[in-house]
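Notes to accompany the following structure.
The values are calculated or read from the model by the stated rules, or taken from the named source; none is laboratory data. Bear in mind the structure is a predicted one, so any value in this text is a computation, not a measurement. When we count neighbours, we look across all protein chains shown, and the Cβ atoms used for this are built from the backbone with ideal geometry, even at glycine. Accessible surface areas use protein heavy atoms only, side chains included; no ligands, DNA or RNA. Shrake-Rupley method; radii C 1.70, N 1.55, O 1.52, S 1.80 Å.
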Amino acid sequence: IGLVLIVFPNFSWAQTSYSRLLERVQATYLSSSSYPILIMDRDDLEWRFARAGAVGERETPTRIAIVRAYVEEKTRVKISENAAANFEPYLTILKDAAVAMPALKDGSYSEFEMCAIFPPDPNRNQRLEHERVLQLGVAEAYGKNSFHGLREKLSYQDAILFSILHESGHCLDRFYFSQLLERGGDAASVHQSESFAETVAAFLMAKEGRMNVSMPRAYLRDLYSYFMEPYFANHPEFGLGNENFPYGEL
């Protein structure tokens with residue numbers, strides 16, 4: 001018996017479980033900020049790109065326009081084309097990254113029009129998420145050490161939620177994050193901003209009822225520093241001129 005695929009051209013995007021998680025975090029923790037904070041839903045945006053046929057390098061302007069429309073739809077803020085152009089790579093070529101990035105108001109580092117959160121790519125699992133966080137694929141740094149040798153691990157659900165809340169912490173930060181941007185990422189500002197975001201994530205995880213994540217998370221960060229900082233010091237050229245790269249401050 002043959003199968004018939006029926007395509008409905010006006011079929012609306014069906015929300016994924018990952019999108020529902022982002023929506024819950026958005027509503028629970030990010031709705032009362034003095035400036036809009038928006039989690040950029042990769043599933044939703046990829047569907048919008050696909051629907052518009054905005055695939056490939058030549059379609060970058062179309063994707064930028066879609067990003068601008070998406071932000072305005074969700075926050076009522078009309079970000080500049082330049083801000084949307086800064087956002088677009090994190091939805092295409094840099095999908096593996098988890099990042100917080102503001103759209104500046106009048107170019108001022110102390111005033112945000114809005115702040116965008118780019119969560120980790122949803123198409124992964126526990127091993128892939130740990131490999132992303134630790135950069136376990138860098139064989140020169142880790143040698144034969146792998147995910148299977150980790151003493152401590154977070155569940156996939158906890159690892160993803162912690163990452164989302166960490167980036168939320170950056171957008172909620174009204175002091176260190178601005179200093180980080182204004183100072184161009186000096187080592188002290190990076191440390192303070194990252195510590196703030198990590199603390200926010202740990203507290204919100206506790207509020208979520210996940211009380212046992214801080215120790216495994218600290219272990220993973222220590223492990224990353226132990227293996228990756230010597231690698232950074234040995235390869236300053238990979239920092240593309242970032243003077244903090246050799247110290248592991250990214």
Problem - Along principal axes, Cα extents of the chain, largest first, whole Å - result: 57, 53, 40
Practice task
Beta carbons within 10 angstrom, averaged per residue: use that to sort the peptides 224-232, 117-125, 27-35, highest first.
Solution key: 117-125, 224-232, 27-35
Practice task
Output the antiparallel fraction of DSSP beta bridges having both residues in the stretch 36-138, as a percent to the nearest 5.
Solution key: 70 percent
Exercise for the section: Calculate how many DSSP beta bridges within the chain are antiparallel, expressed in % of all such bridges and rounded to the nearest 5. Expected result: 70 percent
Fill in the blank from the handout: Over its alpha-carbon atoms, the stretch 128-216 yields an Rg and a Dmax in Å of 14.8, 41
Fill in the blank from the handout: With +1 at each Lys and Arg Cβ and -1 at each Asp and Glu Cβ, the charge dipole magnitude of the chain around its Cα centre, to the nearest 20 debye, comes out at 780 debye
Handout entry: Accessible area of the chain divided out per residue, in Å², using a probe of 1.4 angstrom
Key = 56 Å²
Practice task
Give the long-range amide H neighbours of L104: residues separated by 5 or more places, or on another chain, with amide H under 5 Å away, using H modelled in the peptide plane at 1.01 Å from N.
Solution key: E113
Practice task
Using +1 at the Cβ of each Lys and Arg and -1 at the Cβ of each Asp and Glu in the chain, identify which of S17, P102, T75 lies farthest towards the dipole's positive end.
Solution key: S17
Problem - Highest-fluctuation residue, G149, G137, G169 considered, GNM on the chain with Cα pairs under 10 Å - result: G149
Handout entry: Computed Kirkwood radius, in angstrom, where 1/r is averaged over Cα pairs of the stretch 78-148
Key = 14.3 Å
Fill in the blank from the handout: The orientation-averaged projected area of the Cα convex hull of the stretch 1-148, in nm², is 13.7 nm²
Practice task
Rounded to the nearest Å, what's the spacing between the alpha carbon centres of the stretch 30-44 and the stretch 182-199? Just the number, please.
Solution key: 21 Å
Fill in the blank from the handout: With only helices counted (DSSP H, runs n ≥ 4, each -39500 (n - 2.57)), the per-residue ellipticity at 222 nm for the chain, to the nearest 500, works out to -15500 deg cm²/dmol
Handout entry: Cα-based convex hull volume of the stretch 72-199 per residue, rounded to whole Å³
Key = 138 Å³
Practice task
Given the options E140, E198, E81, state which has the largest fluctuation in a GNM of the chain using a 10 Å cut-off (strictly under) for Cα springs.
Solution key: E140
Completion exercise
A 1.4 Å probe over the protein heavy atoms gives the stretch 51-203 a carbon and sulfur accessible-area percentage of 48 percent
